[in-house]
Amino acid sequence: MMQLRTLIFTSVMLPWILSSAAKDEYMEVRNIFWDIVNFPDYDILQDSALKADELPTCLLCVCLSGSVYCEEVSPEMSTVPALPTETAYLYARFNKITKISNRDFADMATLKRIDLTGNLISEIDDGAFSKLPNLEELTLAENRLTKLPTLPTKLVSFNANFNRLRTQGVKATAFKKLTRLAYLYLGNNELTAVPQLPESLHVVHLHNNRILAITDETFCKGNTSHYIRSNMYQVRLDGNPIMLSMHPNSFICLQSLPIGWYN
């Protein structure tokens, strides 16, 4: 009888003793781990006085295999965050970024796409994007730009819709050397003239500007009627004060007439 009681006691108590010891060991290892990684306390992150530029980028944003998502960041983000060296795609939309400096994208040869839609950018250093050899898509829509910086030569798509761009702030040759540029969006700005357009363009949006005049050289080659601009299939000039019916020879090389005012 005594042996039976001993067996029952052992079978009940031994797992509990082992479990307790294991728990103590687990808690000790856990405490060592948290001391090593030294993550900031959650309450500290919620402190309204903490600024975005004081936090590590991949804690403030979401970093996933070469893509960094910093959209509508809280606390407010007013500058471009330091990016991991392997970043290929940056989405920093709808924040409070006011300026892009030369150091923001220095040595970021891996960048292929930058989207800064919906910020407060009014100033960009002239060399901020020019040293990005692989950049193909640049979106600066819905900002406060009055002029454009030098753009990288491999751009395929450039979007600066809904800014305050003026003709004096956009060099006539700003896009001419971009031989891969296929999509150019400059709608809802304050341009009074059309810049020189590369042969590679498929789509150009210039609607809702202040364009007053175009020439036979704006889209076509005025000295020849045999030239066909085969790449370009969409031109928007609606919402400008120019009357397109006054310039019939300006579109002779296009596959379709521009969208705009012909009355």
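The values are calculated or read from the model by the stated rules, or taken from the named source; none is laboratory data. Computed from a predicted model, the values in this text were never measured in an experiment. Glycine also receives a Cβ, built like all others from the backbone with ideal geometry; neighbour counts cover every protein chain displayed. Calculation scope for accessible area: heavy atoms of the full protein, side chains included, ligands and nucleic acids excluded. Shrake-Rupley method; radii C 1.70, N 1.55, O 1.52, S 1.80 Å.
Applying the selection to the range 84-96, what residues are open to solvent by 20 Å² or more (accessible area, probe 1.4 Å) and either of a type in the set (Phe, Trp, Tyr) or touching a Lys or Arg at 6+ places or on another chain (Cβ under 7 Å) (or both)?
To start, the set of residues in the range 84-96 that are open to solvent by 20 Å² or more (accessible area, probe 1.4 Å) comprises 84-86, 89, 91, 93-94, 96.
If the condition is that a residue be open to solvent by 20 Å² or more (accessible area, probe 1.4 Å) and either of a type in the set (Phe, Trp, Tyr) or touching a Lys or Arg at 6+ places or on another chain (Cβ under 7 Å) (or both), then Tyr89, Tyr91, Phe94 are the ones that fit.
Among the residues making up the range 49-78, those that are crowded, with 18+ Cβ neighbours inside 10 Å and modelled with pLDDT under 85 are Ala52, Leu55, Pro75. Only one of the numbered conditions (1) part of a loop (DSSP other than H, G, I, E, B); (2) open to solvent by 30 Å² or more (accessible area, probe 1.4 Å); (3) out of contact with any Pro (no Cβ under 6 Å at 6 or more places or on another chain) is violated by Pro81, and that is (2). From Ser200, Ser157, grab the single residue that is among the hydroxyl-bearing types (Ser, Thr, Tyr), open to solvent by less than 30 Å² (accessible area, probe 1.4 Å) and farther than 22 Å from Ile252 by Cα. Going through Ser200, Ser157 in turn, the sole match is Ser157.
In summary, Leu244 fulfils each of the numbered conditions (1) over 29 Å from Leu135 (Cβ atoms); (2) among the hydrophobic types (A, V, I, L, M, F, W, C); (3) modelled with pLDDT of 95 or more with the single exception of condition (3).
Which ones in the range 97-108 are crowded, with 16+ Cβ neighbours inside 10 Å and modelled with pLDDT of 95 or more?
Listed by number, the residues that qualify are Ile97, Lys99, Ile100, Asp104, Phe105.
Could you tell me how many of the residues in the range 147-173 are among the small types (Gly, Ala, Ser), closer than 21 Å to Leu212 by Cβ and either at pLDDT below 95 or under 18 Å from the mean Cα position of the chain (by Cα) (or both)? It would help to see each step written out before you state the result.
Filtering the range 147-173 down to residues among the small types (Gly, Ala, Ser) leaves 157, 160, 169, 172.
From what is left, the residues that are closer than 21 Å to Leu212 by Cβ are 160, 169, 172.
Filter again for either at pLDDT below 95 or under 18 Å from the mean Cα position of the chain (by Cα) (or both), leaving 160, 172.
The qualifying residues number 2.
Hey, does the range 148-165 have a residue that's among the small types (Gly, Ala, Ser), in contact with a Lys or Arg (Cβ under 9 Å, 6 or more places away or on another chain) and not in a strand (DSSP E or B)? Within the range 148-165, none of the residues are among the small types (Gly, Ala, Ser), in contact with a Lys or Arg (Cβ under 9 Å, 6 or more places away or on another chain) and not in a strand (DSSP E or B). Only one of the listed residues (Leu120, Leu145, Leu138) is more than 19 Å from Tyr183 (Cβ to Cβ) and either aliphatic (A, V, I, L, M) or assigned to a loop (DSSP other than H, G, I, E, B) (or both). That residue is Leu120.
Restricting attention to the range 185-197, report how many residues are open to solvent by 20 Å² or more (accessible area, probe 1.4 Å) and either part of a loop (DSSP other than H, G, I, E, B) or among the charged types (D, E, K, R) (or both).
Filtering the range 185-197 down to residues open to solvent by 20 Å² or more (accessible area, probe 1.4 Å) leaves 185, 188, 190, 192-194, 196.
Still in the running and either part of a loop (DSSP other than H, G, I, E, B) or among the charged types (D, E, K, R) (or both): 188, 190, 192-194, 196.
Looking only at that region, the number is 6.
Taking the criterion of being in a loop (DSSP other than H, G, I, E, B) and within 15 Å of Leu186 (Cα to Cα), would at least one residue in the range 247-255 satisfy it? Among the residues of the range 247-255, not one is in a loop (DSSP other than H, G, I, E, B) and within 15 Å of Leu186 (Cα to Cα), which makes the answer no. For the condition out of contact with any Cys (no Cβ under 6 Å at 6 or more places or on another chain) and not in a loop (DSSP other than H, G, I, E, B), Ser230 does not qualify.
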